[in-house]
Each structure stands twice: as C-alpha cells, then as structure tokens.
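To keep things clear, I will list the structure first and then write my remarks on it.
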Amino acid sequence: MSVKIYIPGDSGAVAVGADRLAAKLETELNKRDLDARIIRNGSRGLYWLEPMVEVETKSGRVAYGPVKPSDLDALLDAGLLEGAEHPLSLGLTEEIPFLKRQTRLTFARCGITDPLSLEDYRAQGGLAGLTNAVAMPPEAIVAQVTESGLRGRGGAGFPTGIKWKTVLEADGAQKYIVCNADEGDSGTFADRMIMEGDPFVVIEGMVIAGIATGATKGYVYLRSEYPHAINVMNRAVEIARENNILGTSVLGSPHGFDMEIRVGAGAYVCGEETALLESLEGRRGVVRAKPPLPAHKGFLGRPTVVNNVISLASVPIIMDKGADFYRDFGMGRSRGTIPVQIAGNVKHGGLFEAAFGMTLGELIDDIGGGTATGRPVKAVQVGGPLGAYFPRELFDTPFDYEAFAARDGLIGHAGIVVFDDTADMLKQARFAFEFCAVESCGKCTPCRIGSTRGVEVIDNIRDGIEPDKQVALMSDLCNTMKFGSLCALGGFTPYPVMSAFTHFPDDFRPASMSQAAE
Amino acid sequence: MEKRPLDAEIASTTQAIVARSKALEGPLLTILHDVQEAFGHVPQSALPVIAEGLNLSRAEVHGVVSFYHDYREAPAGRHVIKLCRAEACQSMGGDELAERLMGLLGLDWHETSADGAVTLEPVYCLGLCACAPAAMVDGEVLGRLDADAVSELATVVRS
Ligand SMILES: Cc1cc2nc3c(=O)[nH]c(=O)nc-3n(C[C@H](O)[C@H](O)[C@H](O)COP(=O)(O)O)c2cc1C
Ligand code: SF4
Ligand code: FES
C-alpha cells in the first residue's frame, strides 16, 4: 500500500510555499519511483512550522517542518517515507508540545483529514451529531445546545441556544440560518482554517441549526478575501448535496435543508449581523437598528439565526458527546473550548484550542514563546481592531468573557496580536480611528465623523499642539462614540484608543516632552 | 443628460449574467461579482441593465457598487497587489514594507501604474496573521514577506 504524505492546502501554508512544495515532491516521487500519495490536508495550525509535511508510519504520523522545496532531496535520501530522522524532524505530530497541550473539540479533524473526503469525515466522528439530531424534536436540540453553555464565538458571546429558541418560537413559513464567515478582525483565522480544513463540520452545524429552528435554507456569507475557503466550501456543499446531508431529506429523515455560499465584497462592517443581512439581500451594508432582532425579522424580513462559523462548527460535537461533556470544559460562564489565534510578532503563531481559563500570559509567553523578533513584548491586542491593547501587567487575565470585560477588554473572536517594544502605541491608536473611518457604514454621526476627528486629534497630540487639551478632546470623543454609536464599530473603537492611552501614556507625549522627561 | 448608446457587448453579457442569477434571494452582489469577473471592473453601462433586470433604480445599484471596496470603476492593472495593512502585519513591520513597495512601484494606494502593469491596493487582513506580513498578488497568497521578497515582487510585476 502506498505511503500517505500530508502537505496542507490551507492558505496559510500555501502562502509560505506549500503548493510549490507539493508539486516538487510529486515530481521527486515519480522520479524515484516511490509508492506514495500526497494528501492536501488542512493545517494543524502550527504556522511557524508551515509548510509542515507529515508522513503516516506504523507508530503514527511523523512531522517535518518548515520544509522548503530544496530540502526534499535530503529528506527523501534520509528516508522521509519511513519517518526517518532528519534535522527538520519534529517527531510524532501528536507529541509536539503546542499540539499536545490543546483540547481539540471543534478543530478535532482539522489538519488530520482530507477536507473534502466525506469518508475521512465519517471515519473521524463526523455526522454523529447530525445523526442524533435528526431523530430528536427541535426543542430537545435547542435544549442541548443551551445546556452546553455555548456562547457565540463571533464576538458578542451571546448564548447560542437562546438565539435558536427565539427563532424556533418565531412564526414564519420560511426561516433561515446564516453563517457569518466575514472574519474581518486582524489576528483571526479560525473561521478560515475550519472552512478550508474541515468544511463538513460547518455544514453539519448549519443543518443541525436548521432542524432545531425549523429553517430549511442556509447561507454562508463568506468574505472575498478568502478565495481558498470559498472554493473548498462550494465543493463541500456539492458533495454534501450528493450524499443527502443537504437536500429534501437530510440523512433520509423528513427534514429538508439546503444552503448556498455567498461572497462578500470587501466591507468590514458587513460582519455586523444586520449589515451582513442587508448585504446578503443585495444592498449597501448599512447597520439596521435593533429591534427587531434578526431572530424575528432577519433575512428578507424572516426569522433568521445569524451565527459565527465557529459557533456552528462547535454544535456537532455537542450533539455527539452531549451538553455536559462540552460544558465541563471552561470556567465561570465561559464554557467549552475556544480556538485562540495567536498572531503578529510572536515566535509560535497559530491556532491553539483550549478550554476557557488559561491566562493571557500563558498563551503569549508559554505557548506563543514570546516575540518573533526576540525583543520584549510591549502590548497585545485581543479581539481584533475593536479590542483593547493590554500591557504585560494584565497578563494574569484569564481567557474568559467576563474577566476580560472587567479589565475593559474583550475576547471578541479570540485573536491575539502581539507587539514588541518597538511598537508605537500612539500610532496604533491613530490606526484604530483611521480603520473606523475607512470602514464606517455611515449611519451614525459619532462613528462617521468622530473617527475622522479622532485621527486629527491624535495627529495634534503627536505634533505637540496643545497636548493636554487634545487628550481631553480624545477622551470626550471616545465617550461620545462609545455611547452614541449604533453598533460596535463606532462603539468599540474607543477600546483600542483608550487602552493604548491608559496603559502606554508615554507614547502620547509629544516627542519634545518625552525627550525632556528622559 | 447626454444619452450614450450602451456598449452592445457589455449589455448582452450583463443581461446574461442577470438572467442567470435573477432567481436567487438577494442576487445583486453575486451579479456584480460576475460582471466584474467578466470585464475586470463594473462598467457604468452595466448599471442600467442590472437595474432594469432587478427592478431597481439605477441610483440604488450605483449606491451598492460604490459602497463596497471590491468593485472597481475602471479596470485594474495586469497585476493586482493587495498588501495587508492590519494590525498583525503592522506588528511585523508591515508599514515599512508598504513604504518600500510604494517607493519601488512609484504608486500610492489604489493607483495603477501608467503602463497598466500593476495596481496597488490596501487590504485589512487576509487571515494569514500568523504568517505576517502578508499580501495577495493576482489572487495568490504570500506570507512572511520581507524586504527582499517585496523587491522581487516589484520586479516581477513590472516585467
Ligand atoms: C463591526 C462588526 C463586525 C463584526 N464582524 C463579525 C465577523 O466577522 N464574524 C462574526 O461572526 N461576527 C461578527 N460580528 C458580530 C456579529 O454582529 C454577530 O454578533 C455574530 O455574527 C453572531 O454570531 P454568534 O452569536 O455565533 O457569535 C461583528 C460585529 C460588529 C459590530
Ligand atoms: S457605529 Fe459606525 S458602522 Fe456602526 S452603525 Fe454607526 S456608522 Fe455604521
Ligand atoms: S493582519 Fe495581515 S493577514 Fe491578518
């Protein structure tokens, strides 16, 4: 039997040469007349080791990385196909500490299987959740998801079960499940990884959501910046349709559910659920006032569940292993596991799925290994462009929705971006305003105008023009935006701005003054 | 207002695209993506055809086209470089790389070189934040960019 070699087709791996590597290996295998087959799996999420090559051996999968095309000759000579020793050897994949320390529930298959092999998916536990769900009354599915403690992973942390219950109880001949795959936050890539690496789990989660709420149609709103994910999801939907996971009779049951992939057009605000619905309907992505909630009047005015990719992808395991199993992970009101994305200036950047409750410091120093540049960590931004910058003094904050909120931060989509001591926090605060100005939907004044004024105010601080007055103005502006904005784009931009100022006040002194202070 | 005859090819291609997607729930973005795919931009003369096909006003269609960053009014260069400018890429020296690339190409954001070889665009996160700084060139993703990679990129797109 031919040896299985895995090279990720994940765009993170492709971005650092995985396609070229796979092509070269194919050629080499033919040239040497070796009996091996290359499988393009998802990524395990150890991005500093990508492209990471794995070989299936009798004792398990053995990893090598990061592998360049020019390494292949030596690797094959050393005995790559037998999992032999080589300077690039990482040993058994499962034993790599970064992976071994994780609890992979949602990402259990990602990086292990061929993403588009339904056979692999089933063999690794896929469809067990859906099989249970089709035999249950909707109320029981909703109850199980509620009891699991699952909260929305898209940012707001709203309990998924409660959202589903509202839609289940809403009147309407046609209801919808909308999967929010707009993942626009810097430092986040979990949605992309799961869509590219295990697309069927997203589909399975959506079908379960449909059965639970009485929705028969689903849409994935997928950002255009993710062409690989769009391809994989489209093909996965076709395969699911051919195999009765989608269609008029889901797994042979009386339940019908079908879905489509829709591509966004480059607008950050379209990740906000009501702007997303407007966009899906074919309009400008302008935020709608709530109420009415999307659960009552969503897509085309009909009851709609809008859930993040990871929220939906976490449902199959809950339906498979039970609410208690999931709930037993985590701390406080943050239950289950969270795929933390460690990115930016960090040595070991990647996806780390673990139960809630690890401290920020553990994640950055221990798991992430500190900065890539080897300099001291100065600040970390958690939760994307609307998240706060935390200094080292706050590294004891546990990863938990409430604990972050208590320190004026947010978990958001659980992306962490690390900065070393060369970072200029005034510049980062300026960027936060600038980003808000570029991406504002324009509906409300504090966000539309305030963001532009914010950039000017920060420029004045930098230039030393009446700095004290300007700082007061900045705080005032942030206050107005925080309380006067309709959605979190305008409402949360004050988090990065004010946290940068609060924790790194030295960076906000004009150059002449900070020099004088030294 | 001056009435210009519609470019026949744009009209017929757009009509076919509209016909294909009209039955979707909320078809407009899909149609605009297909039109841009067909012409490299969304031509002005396609707007009335779409508006008529979907029973919208031309202003409504224009409003949608102008809202989104993806839709172009004019064709892009032969190569399109989208350089990530978001935080994770900033933390790895993305701003310096951006300066360098702009210098090498002699272009500012959203500009196309006079010879039509290359268009430079900012993008806010490509989901490659653990391999920062990142870019997308003609739809291909690139990570762990450094000064040399950027120089090479500038040379390749201009040759
Ligand atoms: C400006 C803005 C951008 C957002 N972007 C996203 C996004 O990219 N993905 C996402 O799932 N939620 C995003 N959200 C949150 C959504 O509005 C919504 O809360 C979420 O999709 C609900 O799903 P969940 O309950 O499963 O988290 C964003 C919110 C705001 C205000
Ligand atoms: S806060 Fe900004 S993005 Fe949100 S609704 Fe208001 S203008 Fe639109
Ligand atoms: S911030 Fe640049 S790829 Fe995410």
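Annotations for the structure displayed:
- Gap separating the Cα centres of region B:1-65 and region A:233-289, nearest whole Å: 23 Å
- With the largest listed first and rounded to whole Å, the semi-axes of the equivalent ellipsoid of region B:3-67 from the Cα gyration tensor are 16, 13, 12.
- Region A:43-57 - phi-based ³J(HN,Hα) in whole Hz, Karplus 6.51/-1.76/1.60, Gly and Pro as x: 8, 6, x, 9, 5, 5, 9, 7, x, 9, 9, 10, 10, 7, 10
- Evaluated at q = 0.09, 0.18, 0.21, 0.22 Å⁻¹: base-10 log I(q)/I(0), Debye formula over Cα of region A:260-379: -0.42, -1.02, -1.06, -1.08
- Within-11-Å neighbourhood charge of A:Phe158 [Cβ basis; K, R +1; D, E -1]: +2
- Classification of region B:30-70 by its C-alpha gyration tensor yields an oblate form. The axis ratio a/c (a ≥ b ≥ c) is 1.5 or more, and b/c is at least a/b.
- Taking amide H as placed 1.01 Å from N in the peptide plane, A:Asp258 has its amide H under 5 Å from the amide H of A:Lys217, A:Gly218, A:Gly247, each at least 5 places away in sequence or on another chain.
- Axis of helix B:147-158 versus longest Cα principal axis of chain B: the two differ by about 40°, to the nearest ten degrees.
- Of the GluC sites (Glu not before Pro) found in region B:1-105, those that fall in a DSSP loop while having at most 14 other beta-carbon atoms within 10 Å are B:Glu2, B:Glu73.
- Modelled label positions at B:Ser159 and A:Ser249, each set 7 Å beyond Cα in the direction of Cβ, lie 5.9 nm from each other.
- Radius 15 Å from Cβ of A:Ile112, net charge of other residues (Lys, Arg +1; Asp, Glu -1): -3
- Close amide H partners of A:Ala36, meaning residues 5 or more places away or on another chain with modelled amide H under 5 Å apart, are A:Val3.
- DSSP-assigned coil residues among chymotrypsin sites (Phe, Trp or Tyr not before Pro) in region B:71-139, each with at most 12 further Cβ atoms within 10 Å: B:Trp109
- Total formal charge among the other residues, if their Cβ is under 10 angstrom from that of A:Gly344, Lys/Arg +1 and Asp/Glu -1: -2
- Length-normalised contact order for region A:126-327 - Cα pairs under 8 Å, 6+ apart - percent: 34 percent
- Hull-based mean projected area of region B:79-157, where the convex hull spans the alpha carbons, in square nanometres: 4.3 nm²
- Label zone (A:Arg407, point 7 Å along Cα-to-C-beta; backbone nitrogen cut-off 11 Å) within region A:372-393: A:380, A:382, A:389-393.
- Rounded, prolate or oblate (a/c below 1.5 giving rounded, otherwise prolate when a/b exceeds b/c) for region A:3-100 by Cα gyration tensor: oblate
- Counting only the Cα atoms, the protein assembly as shown fills a convex hull of 173 Å³ per residue.
- The alpha-carbon atoms of region A:140-276, seen along their principal axes, cover 38, 34, 26 angstrom, with the largest extent given first.
- Span from the region A:1-63 Cα centroid across to the region A:372-426 one, whole angstrom: 34 Å
- Listed pairs A:Lys68/A:Lys378; A:Lys100/A:Lys321; A:Lys165/B:Lys22; A:Lys24/A:Lys58; A:Lys175/B:Lys82 exceeding 29 Å between Cα atoms: A:Lys68/A:Lys378; A:Lys165/B:Lys22; A:Lys175/B:Lys82
- Qualifying trypsin sites (Lys or Arg not before Pro) in region A:373-463, where qualification requires a DSSP coil assignment and no more than 16 other C-beta atoms within 10 Å, comprise A:Arg407.
- Modelled label positions at B:His110 and A:Ser2, each set 7 Å beyond Cα in the direction of Cβ, lie 5.0 nm from each other.
- Simple spin-label estimate for A:Phe483 and B:Asp95 in nanometres, 7 Å along Cα-Cβ: 3.2 nm
Bear in mind that the values in this text are calculations on the coordinates, not laboratory data. Treat the numbers as computed from the prediction; the structure is a model and nothing was measured. Glycine also receives a Cβ, built like all others from the backbone with ideal geometry; neighbour counts cover every protein chain displayed.
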